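Below: one structure, written as structure tokens.
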Amino acid sequence: MKKFKLSCEEIAKIVDGSFSGEPSVFITGLNNIEFAESEQLTFYSDKKFKSFLDTTNASCIFVTKDFDISLYSGKNFILVDNPYLKFAQILKYLNDKLNHKPHSLHPSVIIGSNAKIGTNVHLGANVVIGDNCEISDNVYINPNVTIYDNVKIGDSTYINSNVVLCDDSIIGKNCLILPGAVIGSDGFGFLENEDGSYTRIPQLGNVVIGDDVEVGANTTIDRALVGSTMIANGVKLDNLIQIAHNVRVGENTAMAAQAGISGSTHIGKRNRIAGQVGLSGHIDLVDDVTILAQSGVARSVEKKGIYFGSPIKERLTAFRIETALNKLPELIYEIRAISKKVDEITKSE
């Protein structure tokens, strides 16, 4: 992060909070409460970190409005409704303020025929834009991005380095695509022949991404066989996610790293897919489903709720099964002991 200097009172105004402490204190950095140093801002929102309130060197702390600051004399506090949320607000404020870069067109950029470039667009070094592309206003594209033919990118989308956008991909407004993402590559489509070899099936569809979508680093979203692989508005994808051809992901769904979604699966709105979850192809998940980490989903989920396991089960049922399995060695030992007793009694008779 670039250097900055804000007074605690300035920060309180930015987050609509109430400052209590020494007005002359300035903040030049941010950190977690256990690691914060002098001139750094931190936050306290979880009781398990309460001990750090006595030991932290932070110059100012976000706390809730009902926090008893009288117990910590000599410290500077900003009282807010939600300390973590306001801390995140300051992070966004600083990111927008400090990382603003002037938009320019690098001389090494290659732009294909009939491409339309909007106003206030930044194109970094070695960016390649194919034929018939449409880049809307205020788009920021970092170095070494490759954009194939017929791609459309909406207003104010930010694309990091080494991203590849394949033919016919459509990206919405205010999206963030992190380094190394590949959008619109061919899906995994093959026919197995009688001799065990494979015949490749051309993938002639595309990828359509809505507005306010984030695509993580090295995440891949395959183009459809025909039609479109669709990522709806507000979806958040972590790093290293694989989304196969003809998948549809509903609004405001979030997926954690290493999730894998097989072809033609449809995911509802507001789903939460945790890390290393695998979804089989051609299944449907309704709205408001949560799949916990490392679960395997082999069938459609027709009822909202929280699921876990492979194959998945309703969370509490899955946890009870896990608890029983953990006790299995002890149960086996007890059964063997009982069996031995029975044998002894039977023989004595």
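Quick note: the coordinates plus some simple rules give every number you see, no bench work behind them. These numbers come from a predicted model, not from an experiment. Note that each Cβ is placed from the backbone with ideal geometry, even for glycine, and that neighbours are counted across all protein chains shown.
List of remarks:
- Only helices enter this figure: runs of n ≥ 4 DSSP H residues, each worth -39500 (n - 2.57), summed and divided by the residues of the chain, yield -5500 deg cm²/dmol at 222 nm to the nearest 500.
- Excluding same-chain neighbours fewer than eight residues apart, the lysines reachable from Lys50 by a Cα-Cα span under 25 Å are Lys65, Lys75, Lys86.
- Highest-first packing order for the peptide set 166-179, 302-315 is 166-179, 302-315, based on the mean count of other beta carbon atoms within 10 Å.
- Likely footprinting exposure, Thr42, Thr220, Thr229, Thr253, fewest C-beta neighbours within 10 Å first: Thr220, Thr253, Thr42, Thr229
- Largest mean-square fluctuation among Leu30, Leu105, Leu292, in a Gaussian network model of the chain whose springs join Cα atoms under 10 Å apart, belongs to Leu30.
- Overall form of the range 101-239 per C-alpha gyration tensor (a/c, 1.5; a/b vs b/c): prolate
- Here the range 277-348 carries DSSP beta bridges of which approximately 25% are antiparallel, counting only pairs with both residues inside.
- Rounded, prolate or oblate (a/c below 1.5 giving rounded, otherwise prolate when a/b exceeds b/c) for the range 6-98 by Cα gyration tensor: rounded
- Within the straight-line cut-off of under 26 Å between alpha carbons, the lysines reachable from Lys340 are Lys327, sequence neighbours fewer than 8 places apart in one chain being disregarded.
- Of the peptides 69-79, 261-271, the ranking by mean beta-carbon count within 10 Å, highest at the top, reads 261-271, 69-79.
- Between the range 170-212 and the range 94-153, the alpha-carbon center distance in angstrom: 22 Å
- Relative exposure of Ser113, Ser280, judged by other C-beta atoms within 10 Å (fewest first): Ser113, Ser280
- Straight-line cross-link reach from Lys269 at under 24 Å between alpha-carbon atoms covers these lysines, not counting any fewer than eight positions away in the same chain: Lys173, Lys236, Lys303, Lys304, Lys313.
- Choice from Leu240, Leu204, Leu91 showing the highest fluctuation, given a GNM over the chain with Cα pairs closer than 10 Å: Leu91
- For the peptides 14-20, 317-323, 285-291, residues were scored by their other Cβ atoms within 10 Å and the scores averaged per peptide; the highest-first order is 285-291, 14-20, 317-323.
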